1. Go through the residues of the stretch 36-50 one by one and say whether even a single one is more than 22 Å from the chain's Cα centre (by Cα) and either at pLDDT 90 or above or surrounded by 12 or more Cβ atoms within 10 Å (Cβ to Cβ) (or both).
2. Restricting to the stretch 52-71, count the residues that are in a helix (DSSP H, G or I) and surrounded by 10 or more Cβ atoms within 10 Å (Cβ to Cβ).
Amino acid sequence: MQTQNENNSQLILKSNSILKSLATVYQRQGVVGLFSGVGPRFVWTSIQSSVMLLLYQVSLRALSTGEIELE
């Protein structure tokens, strides 16, 4: 498992255990290290979900009003 530490170099974890890897990240970077990257992922997922919901609603309305007919 690889992650980034504060000076942007890669931290290579030698353990195959997720719990040991999480403990190592927590010891070196604290709680902030465990949650780094959550913010950008949340924003990107929110944008994708909003677009998908919008397209679904538009398609549903167009199909139910007869604007688009399936052949």
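The values are calculated or read from the model by the stated rules, or taken from the named source; none is laboratory data. Since this is a predicted model, take the numbers as computed values, not measurements. Here the Cβ is made from the backbone with ideal geometry for all residues, glycine too, and neighbour counts use every protein chain on show.
1. First pass over the stretch 36-50, keeping only residues more than 22 Å from the chain's Cα centre (by Cα): none.
There is no residue in the stretch 36-50 that is more than 22 Å from the chain's Cα centre (by Cα) and either at pLDDT 90 or above or surrounded by 12 or more Cβ atoms within 10 Å (Cβ to Cβ) (or both).
2. If we filter the stretch 52-71 for residues that are in a helix (DSSP H, G or I), which is where we start, we get 52-65.
With the extra rule that they be surrounded by 10 or more Cβ atoms within 10 Å (Cβ to Cβ), the set shrinks to 52-63.
Looking only at that region, the number is 12.
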